[in-house]
Amino acid sequence: MPRLRMEKASAWCPVSPSACASAAHAGEDIVIVAHGGSIRAALAHALGLTGHQALAFSIRNLGVTRLERVASDWRVAAVNEEPWNAPDWE
């Protein structure tokens, strides 16, 4: 089982937490608990959107948004995913 380490990003990162997280933890999974506005900002960065365009995203409370680093780019794997709910296939 992987070791879980919790730390405050600002404690170890003098620049931007996302830049340090992707460099310092390359190849690792990172879990970040964030406010909807921060999630929109991350989506805007990943998709090359303006802040105004990112406001179109509705971020659900407790929803899971997954961003994946692919070489020097980002891939949006999921927005508002609720893995604890079974899909409704009807």
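The values are calculated or read from the model by the stated rules, or taken from the named source; none is laboratory data. Only a predicted model underlies this, so the values are computations on that prediction, with no experimental measurement involved. We place every Cβ from the backbone using ideal geometry, glycine too, and count neighbours over all the protein chains shown.
For this structure, a couple of remarks:
- Matching residues in region 1-45 - criterion: being small (G, A, S) and modelled with pLDDT of 85 or more: A34, G36, G37, S38, A41, A42, A44
- Pick from region 60-82, criterion aliphatic (A, V, I, L, M) and more than 12 Å from the chain's Cα centre (by Cα), ranking: nearest to V33 (Cα to Cα): L62
- Against the list (1) assigned to a helix (DSSP H, G or I); (2) in contact (Cβ under 8 Å) with a residue 24 or more places away in the chain, the condition R40 fails is (2).
- Pairing residues of region 66-85 that are over 14 Å from D29 (Cα atoms) with residues that are surrounded by 12 or more Cβ atoms within 10 Å (Cβ to Cβ) and of a type in the set (V, I, T), at Cβ distances under 6 Å and at least 6 apart in sequence or on separate chains, gives V79/T65; E81/V64.
- So G48, is it at pLDDT 90 or above, over 16 Å from A78 (Cα atoms) and either surrounded by 13 or more Cβ atoms within 10 Å (Cβ to Cβ) or not β-branched (V, I, T) (or both): yes
- Output for region 29-83, where each listed residue is of a type in the set (K, R) and touching a helix residue (DSSP H, G or I) at 6+ places or on another chain (Cβ under 6 Å): R40, R69
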